[in-house]
Each structure stands twice: as C-alpha cells, then as structure tokens.
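Chemist: Can you keep this structure in mind? I'll have questions shortly.
The values are calculated or read from the model by the stated rules, or taken from the named source; none is laboratory data. Just so it is clear, the structure is predicted and the values come from calculations on it, not from any experiment. We place every Cβ from the backbone using ideal geometry, glycine too, and count neighbours over all the protein chains shown. The area values use the complete protein model at the heavy-atom level, side chains included, leaving out ligands, DNA and RNA. Shrake-Rupley method; radii C 1.70, N 1.55, O 1.52, S 1.80 Å.
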Amino acid sequence: MRIGYGYDSHEFKPGIPLIIGGVKLPHYQGLGGHSDGDVLLHAITDALLGAIAGPDIGSLFPPSDPKWKGSDSAVFLREALKRVAEAGYKLSNLDSALILAAPKIGPHTVAIRKRVAELCKIPEDCVGIKAKTPEGTGTDNAAIAHVTVLLVRNS
Ligand SMILES: [Zn+2]
C-alpha cells in the first residue's frame, strides 16, 4: 500500500468562474492562479503523485506555461492516475478537507463527491469531502485543500 498527501491554495479573484472538484459552483468570484484554479483537483493530483514519489503538479504542468492557463484540471488528474497505474497501483480511497469562507460547500458536497469519484474511477463512498471555514487563520480570500489518498497494488 502507499499513502499520499496533497495541499493546495488559490486566491479568490472577481470575474472568473469558481470550480471545485470539477464542479462549477454559483459564486460571484472564482479561484485565480494555475489553470482553472481547481484547488481540490490540484491537491488530489499532488497526493497521487506523492504516493508514487513522482514529480509534483508544478513540475509536470508549470504554472508559468501559458498552455495551462484556464486549462481543465481534470487533465492533470488523468495524468497522475496514469502514472499511478504505470507504477503498478490503483487508487483505493481519498479524503479531503476544503477550507474556505464562502460559498458554503455543504449544498454542493454530493455533486463534488460524484464528480471526483467519476474522474478518479472509484465509488462515491471512497471519496471524503469535508468543508471547514477558516476560523482565525485570516485566509478568507483563499480556498485551501488538503487531500490524502491510499493506493493499493494493482493485481
Ligand atoms: Zn492549484
């Protein structure tokens, strides 16, 4: 078995769509930075790559490369899953914690879990989505994601 851990954060910027876990959420601002700013898919990608001691998402898909501007983050996740398979493993389950002040994630948890399960090709009950508010951390203008994954041998 292998365990992996991923972390990511992005700053909120007005006038762009908010995409978390491959789901577009209704909100007046979105996450800037790398690609489509999908903080959850980036953390999952890094957790998968970390579990096989691979290069991290920033090395594989440099944020400085204009090619990835506005890109669908599912592309990065697919590459990580491909590398996991090549290393002889498959994803067993993942757990995540999202930290953001707004919007409330609760009403969207089911949709996010469904989409992440689809993208990762694992059952929905193998995807943990937990949302917290950034109490006392002063990060109200950011979205943060922590992710752990468990890989098992692909027999
Ligand atoms: Zn990111």
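Chemist: From the list Gly22, Gly58, which one is open to solvent by less than 50 Å² (accessible area, probe 1.4 Å) and more than 13 Å from the chain's Cα centre (by Cα)?
Modeler: Gly58
Chemist: Testing Leu91 on (1) open to solvent by 50 Å² or more (accessible area, probe 1.4 Å); (2) farther than 21 Å from Gly33 by Cα, one condition comes back false. Which one is that?
Modeler: Here Leu91 meets the rest and fails (1).
Chemist: Separate question: Return the residues of region 76-98 that are within 14 Å of the ligand (Cβ to nearest atom) and either touching a residue at least 40 places away in the same chain (Cβ under 8 Å) or touching a His at 6+ places or on another chain (Cβ under 7 Å) (or both); say none if nothing qualifies.
Modeler: Phe76, Leu77, Ser96, Leu98
Chemist: So, in region 25-49, exactly how many residues are part of a helix (DSSP H, G or I) and open to solvent by 40 Å² or more (accessible area, probe 1.4 Å)?
Modeler: Within region 25-49, the subset part of a helix (DSSP H, G or I) is 39-49.
Checking the rest, the ones that are also open to solvent by 40 Å² or more (accessible area, probe 1.4 Å) come to none.
The qualifying residues number 0.
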